[in-house]
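Below is one structure, written out as structure tokens, with a few remarks after it.
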Amino acid sequence: MTFKTHLIAAAVLAAASAGAQAQTVRIANQGDALSMDPHSLNESLQLSVTGNVYEALVGRNKDLSLAPALATSWKQMSPTVWRFELRKGVQFHDGTPFNADDVVFSFQRTQVDGSDMKSYTNDLKEVRKINDHTVEIETKSPFPILPDVISLVYIMSKKWCETNQATRPVDRRKGVENAASFRANGTGPFRLRERQPNVRTTFVRNGNYWGKVESNVQEVVFTPIGNDATRVAALLSGEIDVMEPVPVQDIDKVNGSANAKVLAGPELRTIFLGLDQKRDELLYSSVKGKNPFKDKRVRQAFYQAIDIEGIQKTVMRGASRPTALMVGPGINGFNADQNKRLPFDPEASKKLLAEAGYPNGFEVTMNCPNDRYVNDARICQAVAANLSRVGVKINLAAETKGTYFPKILRRDTSFYLLGWTPGTYDAHNALNALMSCPDDKGAGQFNLGSYCNPKVDQLTKAIQSETDKAKRTAMIKEAFDLHSQDIGHLPLHQQGLAWGLAKNVELVQLPDNFMPFKWISVKK
């Protein structure tokens with residue numbers, strides 16, 4: 001099934017049962033949203049959950065095309081100035097009217113220390129109020145994809161944040177919390193009723209919502225269930241109505257059950273490995289006095305030691321697409337002709353390690369989550385086994401994402417696994433966030449191993465402002481070629497989506513793995 005036909009097929013499932021009774025839907029995920037603060041963690045689950053409570057100026061339709069949200073329209077006034085007309089009559093959940101002051105405040109909030117959303121706003125020069133229902137966003141250079149870029153920049157109430165001492169985002173790296181961690185006050189179709197981190201979060205419909213809600217759901221109970229078997233059993237027994245992900249080994253079991261089914265499809269997320277290429281000595285390695293990952297031969301040795309087809313077959317049970325690129329099909333700028341991995345070749349890996357001065361390999365710690373991506377810990381175990389065959393001893397540190405993300409986001413790692421879905425569905429997002437030289441403005445914010453090629457940076461900035469599609473596509477190709485030649489990261493695969501549903505539940509499965517509650521219905 002193609003990307004486009006999957007979207008159409010998924011959207012067909014979104015029929016709202018207008019006459020059905022109001023319902024509670026119980027959703028389980030392998031992990032929890034780590035905070036209710038919409039600017040604290042740039043992670044898909046976090047943004048999906050909080051995106052039911054908060055909204056951006058620009059939203060998405062069921063086919064991922066742009067849709068008016070808190071802005072009713074937008075236009076370019078000049079190459080570097082965009083004007084947004086704001087929706088009138090909108091209230092935050094506490095009754096406070098929404099206006100331009102909230103927009104200016106929220107964009108400023110994404111740029112202060114603690115924000116994990118800097119990469120979305122780092123190229124903005126100024127956000128200014130024209131009147132209560134008009135704002136202008138000025139960029140540092142022409143930025144034709146700005147509306148796409150800000151579709152995940154959620155708007156908070158300036159008054160509420162000031163009253164609750166939450167004017168700065170929760171800093172997950174430092175373990176800092178504030179009122180926005182546990183409470184929420186958005187404009188979205190659902191309100192936060194109760195928050196018990198890692199236990200249960202309950203949402204209820206916002207009766208004053210400005211927009212259309214294609215759902216009969218009045219209450220959503222979100223529960224993290226980390227154990228795969230327990231999560232599947234809860235679905236099959238009827239204790240929950242929706243769960244994700246369905247472990248690949250349990251898809252047939254769920255589909256064969258009387259009360260549940262699996263909704264499967266392609267995902268835009270790429271899973272990859274990153275390596276510390278900045279420090280002169282790795283934090284967690286047996287090599288002292290130097291950093292082996294600064295040597296391209298070592299990075300290539302790691303790459304060619306990984307049996308990606310073996311991982312696809314045995315770990316992912318076929319539910320993955322091996323990749324040579326940091327983006328996959330469905331992302332603007334993806335080029336199938338470039339998507340050719342270096343061959344799996346352990347003997348070549350051993351030779352490269354010997355040439356680099358490590359004939360007997362070395363020891364290094366690998367950080368990995370065990371409750372974020374599909375079979376994440378098992379992928380890391382397989383990679384560790386592959387590397388052991390070329391003499392590299394991996395000390396695998398797998399942990400819950402609640403401690404994993406703060407650790408790697410403060411760059412307290414030598415070798416790590418991460419997944420990335422470009423929030424703009426455009427290659428520029430991955431180039432800016434994952435492959436740009438890190439700075440304090442937000443570029444390279446998730447380039448946690450500090451890969452750096454000034455030519456890639458130059459191309460990324462040019463891609464951002466280029467309006468000629470052919471030129472832009474050529475520059476994206478050149479940037480990806482450079483990154484691949486450098487072995488800047490070790491791409492693994494795009495994972496597939498597998499959601500488990502009770503057979504009386506209808507929803508829309510988006511390939512960015514977001515789950516809008518406003519498109520969920522439960523039939524009696």
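The values are calculated or read from the model by the stated rules, or taken from the named source; none is laboratory data. From a predicted model like this one, the values you see are computed outputs, not experimental measurements. Positions of Cβ are generated from backbone atoms using ideal geometry, with glycine treated the same way; all protein chains shown enter the neighbour counts. Calculation scope for accessible area: heavy atoms of the full protein, side chains included, ligands and nucleic acids excluded. Shrake-Rupley method; radii C 1.70, N 1.55, O 1.52, S 1.80 Å.
At 20 angstrom or more along the helix axis (alpha-carbon based) and mean Kyte-Doolittle of -1.0 or higher, what helices does the chain contain? Whole DSSP H runs only.
For the chain, where a helix must reach 20 Å along its axis and average at least -1.0, the hits are 469-486.
Would you list, by chain and number, the lysines whose Cα falls below 29 Å from the Cα of Lys212, excluding same-chain residues fewer than 8 positions away?
Within reach: Lys4, Lys62, Lys75, Lys88, Lys129, Lys158, Lys159, Lys261, Lys503, Lys518, Lys523, Lys524.
Mind giving me the nanometre distance, one decimal, between the label points for Leu342 and Asn360, set 7 Å out from Cα along Cα→Cβ?
Spacing of the two 7 Å Cα→Cβ label points: 2.4 nm.
Give the cross-link partners of Lys455 among the aspartates and glutamates, using a straight C-alpha distance below 14 Å as the criterion and excluding same-chain residues fewer than 8 apart.
Those aspartates and glutamates meeting the cut-off are Glu478, Asp481, Asp486.
Per residue, what accessible area does the range 431-524 have, given a 1.4 Å probe and all protein chains present, in Å²?
Using a 1.4 Å probe on heavy atoms only, each residue of the range 431-524 averages 33 Å².
Under 8 Å for C-alpha pairs, at least 6 residues apart: give me the relative contact order for the range 381-524, rounded to a whole percent.
Result for the range 381-524 is 13 percent.
So which trypsin sites (Lys or Arg not before Pro) in the range 329-415 end up in coil per DSSP with only 14 or fewer other C-beta atoms within 10 Å?
Sites meeting the loop and neighbour criteria: Lys340, Arg389, Arg410.
Compute the Cα gyration tensor for the range 91-196, then decide on rounded, prolate or oblate, letting a ≥ b ≥ c be the square roots of its eigenvalues: rounded whenever a/c is under 1.5, prolate when a/b is larger than b/c in the other cases, and oblate in all that remain.
oblate
With θ set to phi - 60° and the Karplus curve 6.51 cos²θ - 1.76 cosθ + 1.60, what are the ³J(HN,Hα) couplings of the range 432-444 in order, to the nearest whole Hz, using x for Gly and Pro?
Once rounded to whole Hz, the list reads 6, 7, 9, 10, 7, 4, x, 9, 8, 9, x, 5, x.
Between Lys393 and Gln165, with labels modelled 7 Å along Cα→Cβ, what's the label distance in nm to one decimal, could you check?
4.9
Number of Lys pairs in the range 304-423 with C-alpha atoms less than 29 angstrom apart, excluding same-chain neighbours closer than eight positions?
Here the count comes out as 12.
What percent do you get for the relative contact order of the chain when only Cα pairs under 8 Å and 6+ apart count?
Relative contact order for the chain comes out at 22 percent.
What spacing in nm lies between the two simple spin-label points modelled at Asn198 and Asp439, each 7 Å away from Cα in the Cβ direction?
Distance between label points: 3.8 nm.
Working with all protein chains in place, sort Cys437, Cys161, Cys452 by solvent-accessible area computed with a 1.4 Å probe, largest first.
Cys452, Cys437, Cys161
Can you list the residues, at least 5 places off or on another chain, whose amide H is less than 5 Å from the amide H of Ala260, using H built in the peptide plane?
Lys503
Pop out the carbon and sulfur fraction of the accessible area of the chain as a percent, whole number, probe 1.4 Å.
Answer for the chain is 49 percent, counting heavy atoms of protein chains only.
Subtracting the Cα-Cα distance from 0.36 nm times the residue separation, let me have the gained length for Thr314 to Thr467 in nm, one decimal.
Contour length minus Cα-Cα distance gives 50.7 nm.
Per residue, how large is the accessible surface of the range 272-430? Use a 1.4 angstrom probe and give square angstrom.
Ligands and nucleic acids excluded, the figure is 38 Å² per residue.
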